[in-house]
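Q: First the structure, then my questions, so here it is.
The values are calculated or read from the model by the stated rules, or taken from the named source; none is laboratory data. Since we're looking at a predicted model, the values are computed, not measured. Please note: Cβ atoms are built from the backbone with ideal geometry, for glycine as well, and neighbour counts cover all protein chains shown.
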Amino acid sequence: MKKLRIKESALEDIDEIYRYVVKDGQSIAENQIAKIKAKILLLRAMPNIGVTIYDDKQKSKYRSLVSNPYIILYEISEESINVVHVVDGRRNLKKFLKGK
């Protein structure tokens, strides 16, 4: 089984999500973060569960997994599964990825 690594950028994204959602209530924010973390943990057992992202018909290095309304972006290497970002699914994902 591959190691599951959560990059600093993804941890920062999760913190930012919490700070935004907590405005609606602490329990709502905690539940949202718990859902995201549960989806991330699924990757350890099923790394190919997410879909490959295509940009203008070219395969991206990222795969995505939805934790509604957020999208978990990750890469699979020979040694590990690397969660790199957690973004709001309502964002323009193609534009976000072009900046990466």
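Q: I'd like to know if the range 54-70 contains one or more residues that are part of a helix (DSSP H, G or I) and either closer than 20 Å to ASN82 by Cα or out of contact with any His (no Cβ under 7 Å at 6 or more places or on another chain) (or both).
A: Looking through the range 54-70, none of the residues is part of a helix (DSSP H, G or I) and either closer than 20 Å to ASN82 by Cα or out of contact with any His (no Cβ under 7 Å at 6 or more places or on another chain) (or both).
Q: Pick from the range 77-88 the residues that are of a type outside the set (S, T, N, Q) and loosely packed, with under 14 Cβ neighbours inside 10 Å: which of them is modelled with the highest pLDDT?
A: GLU79
Q: Here is a check on your reading of the model: is ILE17 closer than 21 Å to ARG90 by Cβ, surrounded by 14 or more Cβ atoms within 10 Å (Cβ to Cβ), touching an Asp or Glu at 6+ places or on another chain (Cβ under 9 Å) and of a type outside the set (Lys, Arg)?
A: Yes; evaluated as a whole, the condition is true for this residue.
Q: Separate question: Being out of contact with any Lys or Arg (no Cβ under 7 Å at 6 or more places or on another chain) and farther than 26 Å from LYS94 by Cβ narrows it down to one residue among LYS61, LYS2, LYS35; which is it?
A: Answer to the check: LYS2.
Q: In this structure, is TYR62 touching a residue at least 40 places away in the same chain (Cβ under 8 Å), crowded, with 19+ Cβ neighbours inside 10 Å and not small (Gly, Ala, Ser)?
A: When the stated conditions are applied, TYR62 does not pass them.
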